[in-house]
Amino acid sequence: MSDDHTHVQEFFAARAADWDSRFPDDGPAYAAAIAELGLCEGDRVLDAGCGTGRALPPLRAAVGPSGVVVGADLTPAMLAAAVRAGRGRDGQLLLADVAGLPLGTESLDAVFAAGLIAHLPEPAQNLRELARVVRAGGTLALFHPIGRAALAARQGRHITPDDLRAEANLGPLLAGSGWRMTSYVDDDARFLALAVRVK
């Protein structure tokens, strides 16, 4: 399930230019998932693995002009696509690895991560790093705009019992990484796991 950084960068760099056109109808699913984060005016939020920045406009709308929105991604070509799409206006874009974020401890209120967990080389360690930058009581949303079964079918594979996103696997993984899962949805329309940062 996990990939090394070079493979991840190569995979996404090759797809960056037409990424948004491949998934033109995902906007409402992103907005609905972000709404469930419960962000408030003035909050500070990270889009971890932001890709082309599709989540940045609804994140900006949620936190308002006084909030802070940061989009971090490992792949320069994805960040360049975000800039071309004008999404750099909605948040600060960072070339950064979730294994070592250039952000202060407990400096954020929330993290949004779309499609990220499948590409984490060290999921427990990387989720701990996300927990480090979020205040106690802050939130995490692990999201995908289609559910696990639909995604597997799209990719021509089957879901296996060791899938990190399975509820039975994800709950303990989060618990061991500084998070407590508060809700879990996995249907054809979306995958969304919400968690709160424990003290």
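Residue by residue through the stretch 146-155, note down the ones that are open to solvent by 70 Å² or more (accessible area, probe 1.4 Å) and not polar (S, T, N, Q).
We begin by selecting, within the stretch 146-155, every residue open to solvent by 70 Å² or more (accessible area, probe 1.4 Å); these are 153-155.
Listed by number, the residues that qualify are 153, 154.
Looking only at strands (runs of 3 or more DSSP E) that lie completely in the stretch 54-125, which have at least 2 residues being free of Cβ contacts under 8 Å to residues at least 60 places away in the same chain and open to solvent by less than 50 Å² (accessible area, probe 1.4 Å)? Break it down stepwise before answering.
Details: elements: 68-73, 92-95, 108-114.
Output list reads 68-73, 92-95.
With the requirement that a residue be hydroxyl-bearing (Ser, Thr, Tyr), over 19 Å from residue 96 (Cβ atoms) and assigned to a loop (DSSP other than H, G, I, E, B), what does the stretch 127-180 give you? If you could, list the steps in order and put the result at the bottom.
To start, the set of residues in the stretch 127-180 that are hydroxyl-bearing (Ser, Thr, Tyr) comprises 139, 160, 177.
Then drop every residue that is not over 19 Å from residue 96 (Cβ atoms), which leaves 139, 160.
Scanning the stretch 127-180 gives a single hit, 160.
Tell me the residue from 13, 55, 17 that is of a type outside the set (D, E, K, R) and more than 24 Å from residue 99 (Cα to Cα), please. Spell out the reasoning first.
Details: 13 fails: more than 24 Å from residue 99 (Cα to Cα); 55 fails: more than 24 Å from residue 99 (Cα to Cα).
Criteria check complete, one pass: 17.
What about residue 47, is it closer than 30 Å to residue 157 by Cβ, open to solvent by 50 Å² or more (accessible area, probe 1.4 Å) and either in contact with a strand residue (DSSP E or B) (Cβ under 7 Å, 6 or more places away or on another chain) or part of a loop (DSSP other than H, G, I, E, B) (or both)? Let's see the steps before the verdict.
Working: closer than 30 Å to residue 157 by Cβ: yes; open to solvent by 50 Å² or more (accessible area, probe 1.4 Å): no; either in contact with a strand residue (DSSP E or B) (Cβ under 7 Å, 6 or more places away or on another chain) or part of a loop (DSSP other than H, G, I, E, B) (or both): yes.
So residue 47 does not fit the description; no.
Say we look at the stretch 171-195 and pick out the residues that are under 15 Å from residue 136 (Cβ atoms) and of a type outside the set (A, V, I, L, M, F, W, C); which of these is most open to solvent (accessible area, probe 1.4 Å)?
My answer is 180.
The values are calculated or read from the model by the stated rules, or taken from the named source; none is laboratory data. Please read all numbers here as calculations on a predicted model, not as lab measurements. A quick note on method: Cβ atoms are made from the backbone with ideal geometry, for glycine too, and the neighbour counts reach across all protein chains shown. Ligands, DNA and RNA are excluded from the accessible area calculation, which covers all protein heavy atoms including side chains. Shrake-Rupley method; radii C 1.70, N 1.55, O 1.52, S 1.80 Å.
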